[in-house]
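Laboratory data are not the source of any read-out in this text; all were calculated from the coordinates shown. Only a predicted model underlies this, so the values are computations on that prediction, with no experimental measurement involved. Counting neighbours? That spans all protein chains shown, and the Cβs are built from the backbone with ideal geometry, glycine included.
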Amino acid sequence: MSDTPRLIIGPFNRVEGDLEVRLDMAGDHVEAARVTSPLYRGFEGMLVGRAAEDALVYAPRICGICSVSQSVAAARALAGVRPAGHARRVAPPNGAHATNLVHAVENLADHITHFYLFFMPDFARETYAAEPWYEAAAARFTAMKGTAASQMLPARAGLMNLMGVLAGKWPHTLSIQPGGSTRAITRAEQARLRLMLAGFRAFCETSLFAAPLEQVAAFTNRDALYAWAEGSPGDAAHFLRLSRALGLAGLGRTSLRHMSFGAYASSDGPLFARGVFHAQAGAAAPLPLGAIAEDVSHAWYRGEGGPPRSAAPMPDMANPDAYSWCKAPRLGGHVAEVGALSRQLVAGHPLLRDMVARDGANVESRVVARLVEVALVTIAMEHWIDVIDPAAPFQDTSPRLDTGDAMGLTEAARGSLGHWLRLDQGRISHYQIIAPTTWNFSPRDAAGTPGPLEQALVGAPLRSGETEPVSVQHIVRSFDPCMVCTVH
């Protein structure tokens with residue numbers, strides 16, 4: 001029996017709370033952590049035996065927060081079923097732009113919801129009451145009572161109106177198909193989309209950044225970002241000042257591979273590239289998709305795990321070494337971190353690469369990456385709306401093959417999402433899903449190597465008088481967990 005003091009903390013997620021973190025303490029800091037996902041979902045098993053098209057109905061229901069991402073991954077997997085040597089089906093340009101817009105709406109809504117309602121309210125905790133900045137932070141960011149929420153929520157609602165025009169409803173939209181989008185728009189609707197997005201830009205440029213989006217997107221180094229934050233009244237700058245006061249660039253650090261499946265595909269290439277980045281190399285490299293495998297040595301499953309294209313571990317609570325329903329995805333046997341920061345590192349954004357070169361991946365850089373992505377994606381959305389031709393097709397409706405293997409890869413707000421399936425005569429015989437939180441919140445693997453969050457929590461400090469370290473809250477939320485996506 002260990003004499004090491006132990007804390008068990010949860011729930012964390014302010015949407016739903018199926019997350020438990022067990023902390024081994026050494027004096028005033030975390031010595032080791034184990035992250036438990038206690039909820040089993042079973043969607044992979046539900047899909048086996050069903051018609052191929054059922055994936056487009058079931059997959060979005062994995063999650064009510066990132067259902068479009070699940071739709072995109074499922075549609076791409078179905079589109080990829082093809083004879084050996086043949087190209088996968090590609091949506092017409094309108095279909096790609098419409099899908100990107102719907103996906104971007106969801107991801108941006110997620111980013112600003114995370115910032116305003118999940119992450120920033122932690123600065124209004126009583127543990128910070130003696131800090132000189134506390135009163136202003138509490139007035140602005142206290143959950144649902146601060147002045148920020150009353151400005152953000154209408155802006156978010158206005159952004160989500162684009163989803164109504166382009167997809168009909170959210171969550172669980174059915175407009176995204178293997179051949180594109182079922183929802184064609186008129187020129188009048190195209191004009192409405194421009195106005196809706198202009199309203200969101202206005203919120204970003206008056207409240208979130210208090211600066212033009214182009215200025216935010218163009219920062220190249222941390223010194224310039226910090227200098228800007230000192231004189232800006234925007235909420236992003238407010239965060240940066242709090243981060244510097246608390247040293248969040250030194251909190252929740254990892255030094256891992258960063259992975260991205262590539263985001264917002266079009267005939268011109270993805271907005272954010274696919275690849276893998278390691279800070280020690282300082283450059284991105286091609287992503288070896290065949291090197292992805294899941295380890296189940298510390299998860300409640302039976303078997304050896306393996307590549308998702310073939311392995312399908314079965315639930316088994318008899319595993320004596322297990323402590324989570326979350327499997328442990330690995331890239332060539334290595335732990336990989338995913339998310340907005342990883343996307344921007346792979347894509348080569350100079351600001352994020354500079355921040356990680358200085359301090360590694362950390363709480364501050366993960367939040368900054370989301371904020372920068374809000375600017376980058378909003379600008380891209382304006383272009384996608386402009387280049388839609390309402391007179392051209394939005395969907396390729398030609399028949400698709402009903403037998404074969406394929407994978408569908410995309411980037412959800414929280415990181416890399418993959419669906420692997422096999423069809424036999426129009427029926428699903430194999431389906432495996434690896435979600436972003438599965439990567440980031442994975443348990444230990446057979447070598448005993450902790451997952452990204454478990455590594456990031458080591459060294460988290462305990463402030464005087466605390467029973468649940470606020471530093472742990474900051475670190476966990478910097479990954480923006482979506483626990484219902486984690487286990488299938």
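Counted residue by residue at 0.36 nm each, then reduced by the alpha carbon distance between them, the extension gain from ALA191 to MET314 reaches 39.3 nm. Each of GLY426, PHE441, ALA318 was placed along the dipole of the chain (beta-carbon charges, centred on the mean Cα), and the one lying farthest toward the positive end is GLY426.
Counting other Cβ atoms within 10 Å, keep those with at most 10, restrict to DSSP loop, and tell me which GluC sites (Glu not before Pro) in the stretch 196-250 are left.
The qualifying sites: there are none.
Mind giving me the FRET efficiency for GLU304 and ALA357? R0 is 56 Å, r the Cβ-Cβ distance, nearest 0.05 is fine.
On the way: r = 38 Å, r/R0 = 0.67.
Once the sixth-power term is evaluated, E becomes 0.90.
Full extension of the chain segment joining ASP24 with ALA136 gains 36.9 nm, where the gain is 0.36 nm per residue of separation less the Cα-Cα distance. With the helix formula -39500 (n - 2.57) applied to DSSP H stretches of n ≥ 4, the chain reaches a computed 222 nm mean residue ellipticity of -11000 deg cm²/dmol. In the stretch 327-370, whose amide N lies under 12 Å from the spot 7 Å out along Cα-to-Cβ of THR449? List them in ranges. Counting backbone N atoms under 12 Å from the label point, the list is 329-337.
Considering just Cα atoms, how many Å³ per residue does the convex hull of the stretch 289-384 enclose?
On the way: hull volume 14.5 nm³, N = 96.
Normalising the Cα hull of the stretch 289-384 by residue number yields 151 Å³.
From the Kirkwood radius over Cα pairs of the stretch 6-485, Stokes-Einstein at 10 °C and 1.306 mPa s returns a whole-number translational diffusion coefficient of 70 µm²/s. Hey, with R₀ at 35 Å, roughly what FRET efficiency would ALA285 and ALA392 work out to, going by the Cβ-Cβ distance, to 0.05? Efficiency for this residue pair is about 0.45.
Note on the stretch 344-485: the alpha carbon radius of gyration divided by the globular reference 2.2 N^0.38 Å gives 1.41. Counted by neighbouring Cβ atoms within 10 Å, the residues ILE9, ILE433, ILE428, ILE176 run from fewest to most as ILE9, ILE428, ILE433, ILE176. In terms of surrounding Cβ atoms within a 10 Å radius of their Cβ, HIS334, HIS258, HIS298 rank from fewest to most as HIS334, HIS298, HIS258. Relative to the current alpha-carbon distance between ALA51 and ALA227, full extension at 0.36 nm per residue lengthens the span by 57.7 nm.
Distance between the 7 Å Cα→Cβ label points at GLU31 and LEU153: 4.5 nm. In terms of surrounding Cβ atoms within a 10 Å radius of their Cβ, PHE394, PHE118 rank from fewest to most as PHE118, PHE394. Distance from the Cα centroid of the stretch 219-260 to that of the stretch 431-446 is 27 Å (rounded to whole angstrom).
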